[in-house]
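Remarks on the structure that follows.
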Amino acid sequence: MNAARVVFEDERLLAVDKPAGQPTIPGRGDVREALNVELSRARGLRLFVVHRLDLEASGLVVFAKDADAHRALCAEFEQRRAEKIYLAAVAGTLTGEGVCDAPLKEFGSGRVAPSADGKPSLTRWRAARALRGATLLSVAPETGRRHQIRAHLCALGYPILGDPRYGPAPRPVGGARRLMLHALSLRVSVEKTYELETPPGADFESALSAF
């Protein structure tokens, strides 16, 4: 399995490139140590969880190194000031750009789907590259609902390649070896502005080359 890689670190925060398959925080049935536990142990200090990435996704995750930074970073996300960009390779052909604002609800199974009584959710997308029967998108979620990008793109009829949960059977979608979702960049301000970015790793690029 790939190892987590430090993207940036200072006295306030730690930014890490999480590999696909590693949980951000401990969960039921994990087969790999959670990222926050691994990093806290390695540094001999408690890291504060600010946000999460899905188990199957890769990319930028930020941890706070003190309580004040934690409060400030959480406010950036809660008040929608954090600017997040993801890469998502989806089944089907998309061009141009668009928005999905279907309210999302989490059901008892853990699956998330549009519902009239769901929470307000907004995802912006832009076609970045045409693939064979697929499209690489640049995606900007303005809210932070669980599985938001996966549920919104699936609802539009363009499920993410490699998704084991969302999209029509057979899954994983398109037979991709991993979920083709990567947290590419993040812009947050905690006394100063941080502009962080990490490109997708070799496993993402290798899976992408099949399409």
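Read the figures in this text as sums done on the coordinates, not as results from a lab. Bear in mind that the values here come from a model prediction, so they are computed numbers and not experimental data. Using ideal geometry, Cβ is built from the backbone for each residue, glycine included, and neighbour counts are taken over all protein chains shown.
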- Message: For Lys192, give me every one of the lysines with a C-alpha distance below 21 angstrom, ignoring sequence neighbours fewer than eight places off in its own chain.
- Response: Lys65, Lys84
- Task: For the stretch 83-100, take each phi angle, set θ = phi - 60°, evaluate the Karplus expression 6.51 cos²θ - 1.76 cosθ + 1.60, and give the result in whole Hz per residue in order, putting x for glycine and proline.
- Result: 9, 10, 10, 10, 9, 9, 9, 10, 6, x, 9, 10, 10, x, 8, x, 9, 10
- Item | Vicinal HN-Hα couplings computed from phi for the stretch 135-150 (Karplus, 6.51 cos²θ - 1.76 cosθ + 1.60; Hz; Gly/Pro x) | 9, 8, 10, 9, 10, 10, x, 8, 10, x, 6, 4, 6, 4, 4, 5
- Specify the residue with the greatest mean-square fluctuation among Arg32, Arg177, Arg165, computed from a Gaussian network of the chain linking alpha-carbon atoms under 10 Å apart. Arg32
- To the nearest 10 degrees, how steeply does helix 67-78 sit against the main Cα axis of the chain, on a 0 to 90 scale? 20
- Query: Non-local amide H neighbours of Leu137 (under 5 Å, H modeled in plane, Pro and chain starts lacking H): which ones?
  - Reply: Ala88, Ala89, Val90, Ala128
- Which of Gly174, Gly162, Gly108 moves most in a GNM of the chain, Cα contacts under 10 Å? Gly108
- Note on the structure: Counting only backbone N atoms under 17 Å from a point 7 Å out along Cα-to-Cβ of Glu83, the residues of the stretch 127-157 in range are 138-143
- Task: Calculate for the chain the 222 nm mean residue ellipticity that helices alone would give, adding -39,500 (n - 2.57) per DSSP H run of length 4 or more and normalising by residue count, nearest 500 deg cm²/dmol.
- Result: -5000 deg cm²/dmol
- Excluding Phe77 itself, calculate the net charge of residues whose Cβ lies under 14 Å from the Cβ of Phe77, where each Lys or Arg counts +1 and each Asp or Glu counts -1. +4
- Under 18 Å from a label point 7 Å along Cα→Cβ of Asp66: give me every residue in the stretch 13-27 with its amide N that close. 13-15
- Query: Full extension from Val99 to Glu191: what is 0.36 nm times the residue separation minus their Cα-Cα distance, to one decimal in nm?
  - Reply: 30.0 nm
- Task: Give, as ranges by residue number, the residues of the stretch 66-95 whose backbone N falls under 13 Å from the point 7 Å along Cα→Cβ of Ser40.
- Result: 66-67
- Item | Inter-label distance for Phe8 and Ala127, nm, one decimal - labels placed 7 Å from Cα along Cα-to-Cβ | 3.2
